[in-house]
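Below is one structure; the comments refer to it alone.
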Amino acid sequence: MRDVLNNKITVAGAIGICLTKKVHFAAYRLPGKTGTTLVVQKDNAVHAPGKLTDRLPEKGFLIAPFLREDNVTYLINPDMVLHEPFGSLQLEALNVLPVKPANNDIITCPDDTGKDDYIRLIQDTIEKINAGEFEKVVLSRVKSVPGNYTAHLAEIFQILCSSYPNAFVYLFYVNGQCWTGATPEPFVCSREGELNTVSLAGTRPYHEKNLDIRNWNKKELLEQEYVTLHIEKILKNYEVSTFTKKGPYVTRAGNLLHLRTDFTFSTRAVGNRLPSLIHTLHPTPAVCGMSTRKAMDFIRNAEKHNREYYAGFLGPVGIDDLIQLYVNLRCLKVHDNRLILYIGGGITHDSVPEEEWEETEIKADTLLSVLKQIR
C-alpha cells in the first residue's frame, strides 16, 4: 500500500496506510487549493461531540449527519496533521501506528431506489405541496455500484481532486464508516475575521446557454430563493444586521451548474453564538425543504433509507485556525461489496417528476464518471 519516492510518501500512499491500519482519519483538499491535508487520530476512541449547540470542538475533523437526533456526530482528533508534501518522518510516524481491530458493528446497506418508486414519491410530494402542507421538499434516493472498491479509494480521492478543483474533496474513515465525495456547497467557512455561508439550489447540466441566469426557469429560481430567504431570516434572528450578499449567480461544479448566493459577515457579529448559528442553519431548504420542520418530518417518514451523513456537514475545525465546513453532497458510502451513492433534488409545485429523476441521474454521474477512470 506504500508508494514512496525520493524518501517522500504520496497522498495515495498515506491514505493506503491509514486504510490498512483502520485508524480514524480524514484526507481533504479545500476548494481552489492543490495540497491535501491528512488528519489522523492515533487511538481507537470514538469522539462524539453531541449537538454542538453550545460549543464547537477546538480542533479536529467534524462529521455531522443529516438527522442529528438519529445518527452520531463524529470528531476525528488531530493527533497528527500532515500537509502535502509528506516527508519521511511523517511516513515513519504513520507506519508505527498499530493496526486497529476491525469494527464488528453491522453497517447497514440501503436498497436502491427504483425509478417508479421515486416518481411516485415526487407525485405524492407535489400533491402535498399543492395542498399547502409545505412549499418545498428535497427528496433523496440511493443508487448502488456493486464491487469492492476499498483498494481504489486513494485513487478515487485523487481523481475527484483533479476532476473537481473547486469542490471540497474528502475521504474519511471513523468507527467503521467510510465515505468520500466532492461537494460544491460551503456551509460555514471562516477567513480573516469573516464568516461565509452559501445559498446553493437549482441544477442544470453544463451548457453555454445555461451560464446566463436569464435562461433559468421559474421553478429553479424559486428553489434558490427559498434557501436565500431562509438564510437571511436566520441571520436577522441572530442580530447579524450587516452582511454582504452576492447573487444569485450561476456557478459551475464539474458537469453541473447551480444557482448560488454568497453571504459574508463579521465573525465578531456572531461571537460565541456561532455553534448555535451552525445548529440553526442546518439543514437549509437546499437539502431539506421549507418549512424546515414539516419538510424534515415528511422526509423522515417518506424516504425508506437513512440519509446518515449525506446532506449533513463536515470539515476541519481549528486546523490552521480555520473553520471549513461543507454540506456533504456528491458523496458515496463505502461497503465491502458495493458503493452507495446518495443523490437528491428539490421538489416544488412546478416540478416535473420525470425531469426530477433525470436531474438525479445527472448528479450521480459526478461520481460514476470518476469510477470509470479507475485503472
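Selection of first residues in region 349-373 that are in contact (Cβ under 8 Å) with a residue 60 or more places away in the chain and of second residues that are hydroxyl-bearing (S, T, Y), restricted to Cβ pairs under 7 Å at least 6 apart or on distinct chains, gives the following pairs, ordered by first then second residue: W357/Y118; E359/T203; K363/T203; V370/S163.
Scan region 31-50 and give yes if some residue there is at pLDDT below 85, part of a loop (DSSP other than H, G, I, E, B), under 21 Å from the mean Cα position of the chain (by Cα) and closer than 27 Å to P184 by Cα, otherwise no. Yes, region 31-50 contains at least one residue that is at pLDDT below 85, part of a loop (DSSP other than H, G, I, E, B), under 21 Å from the mean Cα position of the chain (by Cα) and closer than 27 Å to P184 by Cα. One residue stands out in region 196-237 among those that are of a type in the set (S, T, Y) and closer than 19 Å to A286 by Cβ: the one that is surrounded by the fewest Cβ atoms within 10 Å (Cβ to Cβ), namely T203.
May I ask you to verify whether L160 is among the aliphatic types (A, V, I, L, M), under 19 Å from K363 (Cβ atoms) and at pLDDT below 95? No. Listed by first and then second residue, the pairs with beta-carbon distance under 7 Å, at least 6 apart or on different chains, first residue in region 233-255 and under 14 Å from L211 (Cβ atoms), second small (G, A, S) and crowded, with 17+ Cβ neighbours inside 10 Å, are A253/A167.
So, S144, is that one surrounded by fewer than 22 Cβ atoms within 10 Å (Cβ to Cβ), of a type outside the set (A, V, I, L, M), at negative phi and in a strand (DSSP E or B) or not? When the stated conditions are applied, S144 passes them.
Within region 49-88, the set of residues being within 16 Å of I15 (Cα to Cα) and hydrophobic (A, V, I, L, M, F, W, C) comprises F61, I76, M80, V81, L82, F86.
Looking only at region 309-323, count how many residues are surrounded by 23 or more Cβ atoms within 10 Å (Cβ to Cβ), assigned to a loop (DSSP other than H, G, I, E, B) and either modelled with pLDDT under 95 or on the phi > 0 side of the Ramachandran plot (or both). The total comes to 1.
The values are calculated or read from the model by the stated rules, or taken from the named source; none is laboratory data. Because the structure is predicted, anything quoted here is derived from the model rather than measured. Positions of Cβ are generated from backbone atoms using ideal geometry, with glycine treated the same way; all protein chains shown enter the neighbour counts.
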